[in-house]
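Working notes, structure below.
The values are calculated or read from the model by the stated rules, or taken from the named source; none is laboratory data. What you see is a predicted model, and the numbers here were worked out from it, not measured in a lab. Cβ sites come from the backbone with ideal geometry, for glycine too, and all protein chains shown count toward neighbours. When the accessible area is computed, the model is the full protein with side chains, heavy atoms only, and any ligands, DNA or RNA have been set aside. Shrake-Rupley method; radii C 1.70, N 1.55, O 1.52, S 1.80 Å.
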Number of protein chains: 2
Amino acid sequence: MSIREIKIEDLNPQVFIEEQCRLISEQVGPSKAVNALSGGVDSSVTTMLAHRALGPRLLTYFIDNGLMREGEPESVVSAMKNLGVAVILLDARNEFFAALQGKTDPEVKRQAITDTFYKTVFGRLVKESGAPYLLQGTIYTDVEETVAGIKRQHNILAQLGIDTEKAFGYKVIEPLIELRKPGVRAIGEALGMPEKMYNRPPFPGPALAARVIGEVTPERIDLVRKATLVVEEELSGVQAFQYMAVLHEDRVTGTRSGKREYGFQIEVRCWDSKDAVTASPTRLSFDLLRKLADRITSEVPGVVSVTYNVTTKPPSTIEAV
Amino acid sequence: MSIREIKIEDLNPQVFIEEQCRLISEQVGPSKAVNALSGGVDSSVTTMLAHRALGPRLLTYFIDNGLMREGEPESVVSAMKNLGVAVILLDARNEFFAALQGKTDPEVKRQAITDTFYKTVFGRLVKESGAPYLLQGTIYTDVEETVAGIKRQHNILAQLGIDTEKAFGYKVIEPLIELRKPGVRAIGEALGMPEKMYNRPPFPGPALAARVIGEVTPERIDLVRKATLVVEEELSGVQAFQYMAVLHEDRVTGTRSGKREYGFQIEVRCWDSKDAVTASPTRLSFDLLRKLADRITSEVPGVVSVTYNVTTKPPSTIEAV
């Protein structure tokens, strides 16, 4: 691929920030840019960079696709407000769930989310706003994995030969595309963002849809959302790269109040990794694993079984879906 | 239920053996009995008891249902031969796989195995041999779980109101029905069986079919058989009640040689338990868990992910299916 990587040891954050602000400002010129904020590290840093470059010429949207974690839309909007960035919260839940209905293949699900995001929702937003640019937080690892064919990242377009201007009516600007995650965090720090924001554990573009094996429905998202809340509460104190709850489609036999219950299974994954290219399962204590299982089977309706993933990447990947 | 439990503290093995031999001998009288040996503790102890009671009037069969572990049919037959018991090995693999085809619900799968075993295979054997009795190793816990509706054990018939004489043409004799697992092991020891035989970890009646979520096919049994071999090799040195590999129907994203591989997941379960009524996951070392994952993903074709179950029973059950 033609994009060069800036290695963390070669990165001068202040120089990078000045350079990218200049490039964004030059490209957008006197017009406007629309910005998709997901609340993750990459999109938050992109937002701060673009806000610095464009000021009020930047229109930042947070799309509630119905696939977010508990309380996430509100907390992301409020955290950005504290940094002086106004964010427009847009409810697109029905559009996403309609697009996901009946789909079970991971790639087909990702494609449905990508299409709804870029074509349906942002196509409309860009048209309505008259802004010919979309800012997004694509990073080097996303490009690499998509090009290698490991996993289709939702935000990869140009690198797959998609002409966004033709397809969706806008150009995409990706100021972080030469960086890996540690580089992005360094930029966030240099931009004066709170540590909690630039060190936030990664969360996938398709959000909780990436945590549901099989069909994504509002009910199944609600189950995995509850399990995610438990996992994030219990593992936030652990030094790990990323942690997650995955709802399986398989059902397993359980027993409750002495009766058979054919119930759900939640898989917990917690990864040690530098850059998501390789990863290994975090050596969580058995007490913590037991506590996770106890809480998830008590707090998430219908869950009778909890597992912990013990595979490395490769041959696993960080996300199951 | 009308069956009384003999608690381990009230059990006098020698008295129990004499009493059961007398009862078996009286019931069978001058005719013959057919005996279904699975190789598990319960059926092996039943075989030894009945062999002592009936001698050559006992016809012991080992049914190869295609769902056994690697090398199991041969090793069970040979171990019994060493104890002076002749076992007839019967190949019924096609009959079982035909009965399981297209079935995914655990109860429906169990029912298909039960029907094939009792009606098709043993109905024919009993008819051909002219023996009006079938010996089997049902224990108290099987009855309890079936009656409570937790899990339909394959060997529970009379307790569910099934008249085996009417339905299949033979009467069932269950000499161990008042015992739980520790009692059965004590009887095995008192009968002079090798420790390896009476302390063998439990293995379910439906064999590897109970380790496959979703449809049971020869190919899927072959995958879980390979995973079982690894799990049993690695965990045989661990002090645990039971351990197993479960093949999921769900597939997950993996990566091999830099390419995406949508592969299989194996779940490992290893239980601490006294009597299978309650159980908790064995605190295996992380190194051992990692070794299991490494070996299973290398040695079982198509497996990209391995998990370890961390739930207690209840709300889980020992077997997933």
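Within the stretch B:170-193, can you find the residues that are open to solvent by less than 20 Å² (accessible area, probe 1.4 Å), part of a loop (DSSP other than H, G, I, E, B), closer than 11 Å to B:Asp42 by Cβ and of a type outside the set (A, V, I, L, M, F, W, C)?
B:Pro175
Find all pairs meeting these conditions: Cβ atoms under 6 angstrom apart; at least six residues apart or on different chains; first residue within the stretch B:119-138 and closer than 19 Å to B:Ala53 by Cβ; second residue assigned to a strand (DSSP E or B) and open to solvent by less than 10 Å² (accessible area, probe 1.4 Å).
As it stands, the answer is B:Val126/B:Val34; B:Ser129/B:Val34; B:Ala131/B:Ala33; B:Ala131/B:Val34; B:Tyr133/B:Ala33; B:Leu134/B:Val34; B:Leu135/B:Ala33; B:Leu135/B:Asn35, since those pairs meet every condition given.
Residues that are closer than 25 Å to A:Thr217 by Cβ, among the basic types (Lys, Arg), buried (at least 21 other Cβ atoms within 10 Å of the Cβ) and modelled with pLDDT under 95: does the stretch A:92-109 have at least one? Show your work before the answer.
At the first step, the residues of the stretch A:92-109 found to be closer than 25 Å to A:Thr217 by Cβ are A:92-109.
Keeping just the survivors that are among the basic types (Lys, Arg) gives A:93, A:103, A:109.
From what is left, the residues that are buried (at least 21 other Cβ atoms within 10 Å of the Cβ) are A:109.
Checking the rest, the ones that are also modelled with pLDDT under 95 come to A:109.
Yes, there is a match, as at least one residue in the stretch A:92-109 is closer than 25 Å to A:Thr217 by Cβ, among the basic types (Lys, Arg), buried (at least 21 other Cβ atoms within 10 Å of the Cβ) and modelled with pLDDT under 95.
Is the stretch B:227-248 home to any residue that is closer than 27 Å to A:Tyr262 by Cα, over 19 Å from the mean Cα position of the chain (by Cα) and crowded, with 16+ Cβ neighbours inside 10 Å?
yes
State which residue is modelled with the lowest pLDDT when the search covers only the stretch B:274-284 and only residues that are touching a helix residue (DSSP H, G or I) at 6+ places or on another chain (Cβ under 9 Å) and not in a strand (DSSP E or B).
The initial filter retains those residues of the stretch B:274-284 that are touching a helix residue (DSSP H, G or I) at 6+ places or on another chain (Cβ under 9 Å), namely B:274-277, B:280-284.
Subset that is not in a strand (DSSP E or B): B:274-277, B:282-284.
Numbers: B:Lys274: 90, B:Asp275: 81, B:Ala276: 85, B:Val277: 89, B:Thr282: 98, B:Arg283: 97, B:Leu284: 97.
For the stretch B:274-284, the residue satisfying everything is B:Asp275.
If I ask for residues that are among the aliphatic types (A, V, I, L, M) and either surrounded by fewer than 23 Cβ atoms within 10 Å (Cβ to Cβ) or farther than 22 Å from B:Gly169 by Cβ (or both), which ones from the stretch B:37-52 would you list?
Filtering the stretch B:37-52 down to residues among the aliphatic types (A, V, I, L, M) leaves B:37, B:41, B:45, B:48-50.
Passing the criteria: B:Val41, B:Val45, B:Met48, B:Leu49.
Suppose we filter the stretch A:293-321 for residues that are in a helix (DSSP H, G or I) and within 7 Å of chain B (Cβ to nearest Cβ); how many remain? If you could, list the steps in order and put the result at the bottom.
Looking only at the stretch A:293-321, we keep the residues that are in a helix (DSSP H, G or I), and these are A:293-299.
Going one step further and asking which of them are within 7 Å of chain B (Cβ to nearest Cβ), we end up with A:293, A:297.
Going through the stretch A:293-321 one residue at a time, the tally reaches 2.
Of all residues in the stretch B:265-284, count the ones that are facing another protein chain (nearest Cβ under 9 Å) and not basic (Lys, Arg).
Of the residues in the stretch B:265-284, the ones facing another protein chain (nearest Cβ under 9 Å) are B:265, B:267-269, B:280-281, B:283-284.
Now narrow it down to the ones that are not basic (Lys, Arg): B:265, B:267-268, B:280-281, B:284.
Looking only at that region, the number is 6.
Under the condition of being at pLDDT 90 or above and among the hydrophobic types (A, V, I, L, M, F, W, C), which residue from the stretch B:135-149 is farthest from the chain's Cα centre (by Cα)?
That would be B:Leu135.
Can you pull out the residues in the stretch A:298-321 that are open to solvent by 10 Å² or more (accessible area, probe 1.4 Å) and modelled with pLDDT of 95 or more?
Within the stretch A:298-321, A:Ser298, A:Glu299, A:Pro301, A:Gly302, A:Thr312, A:Lys313, A:Pro314, A:Pro315 qualify.
Which pairs have Cβ atoms under 6 Å, sit 6 or more apart or on different chains, and link a residue in the stretch B:198-220 that is more than 18 Å from B:Val231 (Cα to Cα) to one that is basic (Lys, Arg)?
That search, which allows pairs on different chains as well, returns B:Tyr198/B:Arg185; B:Pro206/B:Arg110.
Pairs under 8 Å by beta carbon, first residue closer than 13 Å to A:Asn35 by Cβ in the stretch A:78-92, partner of a type in the set (A, V, I, L, M, F, W, C) and in a helix (DSSP H, G or I), six or more apart or different chains?
The qualifying pairs are A:Val85/A:Met48; A:Ala86/A:Met80; A:Val87/A:Val76; A:Val87/A:Val77; A:Val87/A:Met80; A:Leu90/A:Val121; A:Leu90/A:Leu125.
Which condition from (1) more than 24 Å from B:Glu249 (Cβ to Cβ); (2) surrounded by fewer than 20 Cβ atoms within 10 Å (Cβ to Cβ) is the one that A:Ala279 breaks?
(2)
A quick yes/no check of all residues on (1) within 14 Å of chain A (Cβ to nearest Cβ); (2) of a type in the set (D, E, K, R); (3) farther than 21 Å from B:Ala293 by Cα:
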site	(1), (2), (3)
B:Asp163	no, yes, yes
B:Tyr170	no, no, yes
B:Glu174	no, yes, yes
B:Gly192	no, no, yes
B:Phe203	no, no, yes
B:Val231	yes, no, no
B:Leu247	yes, no, no
B:Arg251	yes, yes, no
B:Gly263	yes, no, no
